[in-house]
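Worksheet for the structure shown next.
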Amino acid sequence: MENRKGTRSYAEKRPAPFFTTFHFLFSIFLISAGCGAPGEPVPPTPPVPATIKDLAAHQAGDGVELTFTLPSSSISGERLPASPAVEILRGNTKPDGSADAKSFRVVYTIPGALVGNYQADGSVSFIDPIAPEETKAHPGRAVAYVVRTRASQKRASADSNVVTVRVYPVPAPIASVEARVTESGVELSWPTPIVTAAGEPMPAIAGYRIYRSEIHSPATASPPQELPAGRPESHAALLAASESNSYRDTSFVFERTYVYTVRSVIQVEGKELESSDSQPVTVTPRDIFPPAAPQGLVAALLPGTNPGTVLVDLSWSINLETDLAGYRVYRSEQEGVRGQLITSELLPTPAVRDTTVEPGHRYWYTVTAVDRAGNESAPSTPVAVDVTQPAP
């Protein structure tokens, strides 16, 4: 097409192909250079904790106790900056006894900041409670578990090894435990359970297990916070087993605070199963028990070190108390009256000499024993001594 002057119109002009391609590539270069500008922060990839491989499980009362080692490093071998959160997954089993992978559901999540509350001796321990009514309806039902950890919301670790455990009805928790402190032991007693946790008649009790933990904080400290769901009592250790519904703890120490719990034990298919913990009883034994009164007090009148003086030599049988602190010796000039101490300090040995006696007087002596708690025994049988003038 030509205009009136015979020249081509502007609309018919076309850019050369080389310049079109160059303009396009140059635009792409500018866009790419802008996206990769130096110094722009790139968010770090969150670590993925290593897989747990030692998950173990067993029935613990009306629940299943899971134990495992918490991972401390990522799958790439780097140390995790903090404890990861833990997810507990429970599932069912197939007719052949294998775990049904599609049935697993998260039943509890332990935040990373609270995982330490469940750790003891290098392992995490968690109890997943199961309603007694479920166990009653399906006694011996197999339950499957896996656990996984998560250092971020974006990605969790791989599932742990799968564990299965059969759950049976167990005795109802013991409602109360009574404790009585004596000089030589803490005597515990409790009623015999007669029903299961679901209220059914109880099979024969095979025995009991007594657990004890110690509270190291002062008795005047504020009450401890409630334990989180699924957490076993911290630092509780098996103290002893008993065939009867009573036990005497002779390994206690006065002035320390102990927490006792008791579990019933039954036999199911050749295995021993424990009930859940009884109501705990807290005991702080106080030493209010004085030593026995000293025995065998004898007195002898002897010449003093200076001419014309005499002294009274006293001795008695040693006390057998392990917490004995010493003895006190009293002297009186009136029968039946304790009188005054002849020494201001406790005597470490069962003997003393009274060098302050005067001739012509009659004295009555008694001895008491004192323990380290300050408890003083009853007085010994008194001994009377007539002090005579020494012979020239």
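Starting from the Cα of ARG248, move 7 Å in the Cα-to-Cβ direction to define the label point; list residues of the stretch 177-203 whose amide nitrogen is under 20 Å from there. Counting backbone N atoms under 20 Å from the label point, the list is 177-191.
For the stretch 58-138, carbon and sulfur atoms together expose 51% of the accessible surface, with a 1.4 angstrom probe and every protein chain in place.
Could you please state how large a percent of the accessible area of the stretch 238-318 is carbon and sulfur, counting protein chains only and using a 1.4 Å probe?
51
Ligands, DNA and RNA are left out, and with a 1.4 angstrom probe the accessible area of the stretch 101-227 is 56 Å² per residue. Taking 0.36 nm per residue of sequence separation and removing the Cα-Cα distance, the HIS216/ASN306 pair yields an extension gain of 26.7 nm.
When SER380, SER123 are compared by accessible surface with a 1.4 Å probe, the order from highest to lowest is SER123, SER380. Counted residue by residue at 0.36 nm each, then reduced by the alpha carbon distance between them, the extension gain from VAL298 to SER76 reaches 71.7 nm. What shape does the stretch 94-195 have by the C-alpha gyration tensor, where a ≥ b ≥ c are the square roots of the eigenvalues, rounded means a/c under 1.5, and otherwise prolate means a/b greater than b/c and oblate the rest? Oblate.
The values are calculated or read from the model by the stated rules, or taken from the named source; none is laboratory data. Since we're looking at a predicted model, the values are computed, not measured. Here Cβ is always computed from backbone atoms with ideal geometry, including for glycine, and neighbour counts include all displayed protein chains. Ligands, DNA and RNA are stripped out before the accessible areas are found, and what is left, the full protein with its side chains, is counted by its heavy atoms. Shrake-Rupley method; radii C 1.70, N 1.55, O 1.52, S 1.80 Å.
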